[in-house]
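Comments concern the structure below.
The values are calculated or read from the model by the stated rules, or taken from the named source; none is laboratory data. Since the structure is predicted, the reported quantities are computational estimates derived from the model, not experimental observations. Every residue, glycine among them, receives a Cβ derived from its backbone with ideal geometry; neighbour counts consider all protein chains shown. Accessible surface is based on the protein model in full, side chains and every heavy atom, while ligands, DNA and RNA are left aside. Shrake-Rupley method; radii C 1.70, N 1.55, O 1.52, S 1.80 Å.
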Amino acid sequence: MLRWIRAWRRRRRGEPTPGQEAAASALHRAECARQEAQQRAPMVSEVANVLREARAANHFAERIRLTLEGGR
């Protein structure tokens, strides 16, 4: 009963409940993480392109090696 009264008083005064505080904190962390991810997006794309080019070069080098050795 006492817990209910305290919760009722909190709601009446406009104070956030512990659950609301936790949710606000989680939302803030998620917004910060999203902003950081958006800031890193160009760098990640650049690295992905470099890795994609390296994989393609390795693939063609392997195909040429196999052809010259008589495989496939």
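Residues in region 15-46 that are more than 30 Å from Arg3 (Cα to Cα) and either open to solvent by 80 Å² or more (accessible area, probe 1.4 Å) or over 17 Å from the mean Cα position of the chain (by Cα) (or both): Glu31, Arg34, Gln35, Glu36, Gln38, Gln39, Arg40, Pro42, Met43, Val44, Glu46. Return the residue satisfying two criteria in turn: it lies in region 47-72 and is part of a loop (DSSP other than H, G, I, E, B) and open to solvent by less than 90 Å² (accessible area, probe 1.4 Å), and of such residues it is modelled with the highest pLDDT. Checked region 47-72; the qualifying residue modelled with the highest pLDDT is Gly70. Residue pairs whose Cβ atoms lie under 8 Å apart, sitting 6 or more positions apart in sequence or on different chains, and linking a residue in region 37-63 that is of a type in the set (Lys, Arg) to a partner that is open to solvent by 100 Å² or more (accessible area, probe 1.4 Å), are Arg63/Arg72.
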